[in-house]
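Student: My questions will all concern the structure given below.
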Amino acid sequence: MIAYIFRRLLLVIPTLFGIMVVNFGLTQFVPGGPFDQIEARLEGEGDVIGAVTGTSADEAGKGDAKGGYVGARGLPPEFRAKLEVEFGFARFLCPPGFTGTTAEQAKVCKKEMIPAVERFFIMLGKFVRFDFGESYFRSTGVLELVAEKMPVSITLGLWSTLIAYLISIPLGIRKAVRDGSAFDSWTSGIIIAAYAIPGLLVAVMLLVLFAGGSYWKIFPLRGLTSSNFSDLSLIGKALDYLWHITLPVLASTIASF
């Protein structure tokens, strides 16, 4: 048993490596990458551009463009060079002793494109150090965002796993005892239907039905607690928390079958 567990754990390494290779290839070479997104957001979304390069959309579009949607005519060379460095596609080769901002480096320094294989291993090195970079759209570290959302994900995962096992084990025993019966047939149909429906669709259906979408407003639409959570008693806080997580846990549990 110990040897089997050890072998299964060792399989995690090549599996994780394969997943990273596929994800890297998709994000690096499939159309619709970061430059296409930036071009699509140049007009009216200066905060996004500023988060990436320290400049605004208006500054990025300055030059020989005469009004209108600058992104539709392509990014200016200096601005594109800054983006390539920010996204890790290139690096600046500056004269000895030269220091300056990314914008200044784009004007003075020579740009060198980084090969895809080297970019991949640079990414792996950062992952080993838990350096996941900064979110260009949230202006904060990716690790901070993960740490912020992780408790909620863990909580919902634990609840849905617990409920799924509490239902699955007795149901499996009952189906084995009554193999071939009507009970076995209709429960199998329900399980297959639950397995076939995507979890996202289940969540949307529950929101529409029970969160005020089109029918009943029984459960809250968002949040883990109510605005008056701190004023509630201990039992009230527990009930309020369970009330808020009912639909997310139910959707996750149904999707787990």
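Student: Condition (residue is under 25 Å from residue 148 (Cα atoms) and surrounded by 12 or more Cβ atoms within 10 Å (Cβ to Cβ)) applied to the range 189-201: is it met by at least one residue?
Tutor: Restricting attention to the range 189-201, the residues satisfying the condition of being under 25 Å from residue 148 (Cα atoms) are 199-200.
Checking the rest, the ones that are also surrounded by 12 or more Cβ atoms within 10 Å (Cβ to Cβ) come to 199.
Within the range 189-201, one or more residues are under 25 Å from residue 148 (Cα atoms) and surrounded by 12 or more Cβ atoms within 10 Å (Cβ to Cβ).
Student: Further, regarding this structure: Only one residue in 182, 194, 238 is over 23 Å from residue 156 (Cα atoms) and out of contact with any Lys or Arg (no Cβ under 9 Å at 6 or more places or on another chain), so which one is that? Outline the logic, then answer.
Tutor: On the way: 194 fails: over 23 Å from residue 156 (Cα atoms); 238 fails: over 23 Å from residue 156 (Cα atoms).
After ruling out the rest, the residue left standing is 182.
Student: Still on this model: Does any residue in the range 161-174 that is free of Cβ contacts under 8 Å to residues at least 24 places away in the same chain come within less than 9 Å, Cβ to Cβ, of a residue that is surrounded by 13 or more Cβ atoms within 10 Å (Cβ to Cβ) and among the charged types (D, E, K, R) six or more places away or on a different chain, and which pairs are these?
Tutor: Correct list of pairs: 174/184.
Student: Here is a further query. Quick one: in the range 218-231, which of the residues that are loosely packed, with under 11 Cβ neighbours inside 10 Å and over 23 Å from the mean Cα position of the chain (by Cα) is farthest from residue 253 (Cα to Cα)?
Tutor: Result: 231.
Condition check ((1) touching a Phe, Trp or Tyr at 6+ places or on another chain (Cβ under 7 Å); (2) surrounded by 11 or more Cβ atoms within 10 Å (Cβ to Cβ)) across all residues:
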residue	(1), (2)
149	no, no
169	no, no
210	yes, yes
213	no, yes
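Student: Among the helices (runs of 4 or more DSSP H) lying completely within the range 77-145, list those that include at least 3 residues that are loosely packed, with under 13 Cβ neighbours inside 10 Å. Steps first, answer last, please.
Tutor: Numbers: elements: 77-86, 102-108, 116-128.
Correct list: 116-128.
Student: So which of 195, 241 is touching a residue at least 24 places away in the same chain (Cβ under 8 Å) and either in a helix (DSSP H, G or I) or hydrophobic (A, V, I, L, M, F, W, C) (or both)? Spell out how you get there, then give the answer.
Tutor: Details: 241 fails: touching a residue at least 24 places away in the same chain (Cβ under 8 Å).
Criteria check complete, one pass: 195.
Student: Next question. Can you pull out the residues in the range 112-170 that are among the polar types (S, T, N, Q) and modelled with pLDDT of 85 or more?
Tutor: Going through the range 112-170, the residues among the polar types (S, T, N, Q) turn out to be 135, 139-140, 153, 155, 160-161, 168.
Correct list: 153, 155, 160, 161, 168.
The values are calculated or read from the model by the stated rules, or taken from the named source; none is laboratory data. Worth saying up front: this structure is predicted, and the values here are computed from it rather than measured. Note that we place each Cβ from the backbone using ideal geometry, even for glycine, and neighbour counts take in every protein chain shown.
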